[in-house]
Each structure stands twice: as structure tokens, then as C-alpha cells.
Amino acid sequence: MRKSLSFATLTFVLLSLAGSLMAADAAEAPASKGVVNINTADAAQLSLLPRVGPRAAERIVEYRKANGGFKKTTDLMQVKGIGDKTFELIAPYIAVEGKTTLSSKVSGPKKPRASKNTSR
């Protein structure tokens, strides 16, 4: 009886550990696609970020020219059009040092479409 209880406890602990490791891998997945250095990227590279179009990318470049480089990634929220929600989406893909390695547009999470009310 004690052996089976010990075995069950060990199995539970190992499965819990494996689950948390898999969750950590899933959390790191976006960063593996690449990053954009917000201090050196041009407007085309910045446009690869989710919810950042050509206009927002130009505003980032203009802000950087007027105010100098970004010291930390959260400084990007000083740019018009980059609020909390947008920053939360792009945070895994931005850096203030190193090379820009993101090579394709990252799409943000899809919003569910509102259902049309057919009853009148």
C-alpha cells in the first residue's frame, strides 16, 4: 500500500512538473520568431509587429529621431497610438538592443466576430 501511494505521489509530481515546463515553452514561443530592435529598425521592419501599420511605424521612427533612442521597451508607449493593449501584444517581439531578426508580419490574436441578430 505504501509503495503504490509513493508511486502515485511521484507520478503526480512529475506530471505537474512536466505541465509547467510545457507552459513555459509555450510562453516563450513568440520570441522564437524574432524581435525588432525599436532603436535601429526602419518603418518597414516596425510594420512587421502586430497592430503596427505604416503610420504607427513612421510615428515610432519620428519619435526616435526627435527624442533619441528608447532606453527601455516600455518607453514605446510614449508614441501616439501605442497604448497598453498594443504594447502588451508587441512586447514579446521588441528589444532595445541587438539585431532585428523578425522577418515576417506577426498577426495579433483574432477577435471573435459579433453575431448578427437575425430576429426582428
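Values computed for the structure shown
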read-out	value
Integer Hz, Karplus 6.51/-1.76/1.60 couplings in order for region 41-47, x for Gly and Pro	5, 8, 4, 5, 5, 5, 5
Stretchable slack from residue 67 to residue 33, in nm (0.36 nm times residue separation minus alpha-carbon distance)	9.3 nm
5 angstrom amide H check on residue 95, placed H, neighbours 5+ away	36, 37, 38
Listed peptides 101-107, 51-57 by packing density, highest first (mean Cβ within 10 Å)	51-57, 101-107
Positive minus negative residues near residue 58 (Lys, Arg vs Asp, Glu; Cβ under 12 Å)	+3
Phi to ³J(HN,Hα) by Karplus 6.51 cos²θ - 1.76 cosθ + 1.60 over region 76-87, Hz, x for Gly, Pro	4, 6, 6, 7, 4, x, 10, x, 4, 5, 5, 4
Residue 101/residue 74 FRET efficiency (R0 25 Å; Cβ-Cβ; nearest 0.05)	0.75
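Here, each number is a calculation from the coordinates, and none is a lab measurement. This is a predicted model, so every value here is computed, not measured. Note that we place each Cβ from the backbone using ideal geometry, even for glycine, and neighbour counts take in every protein chain shown.
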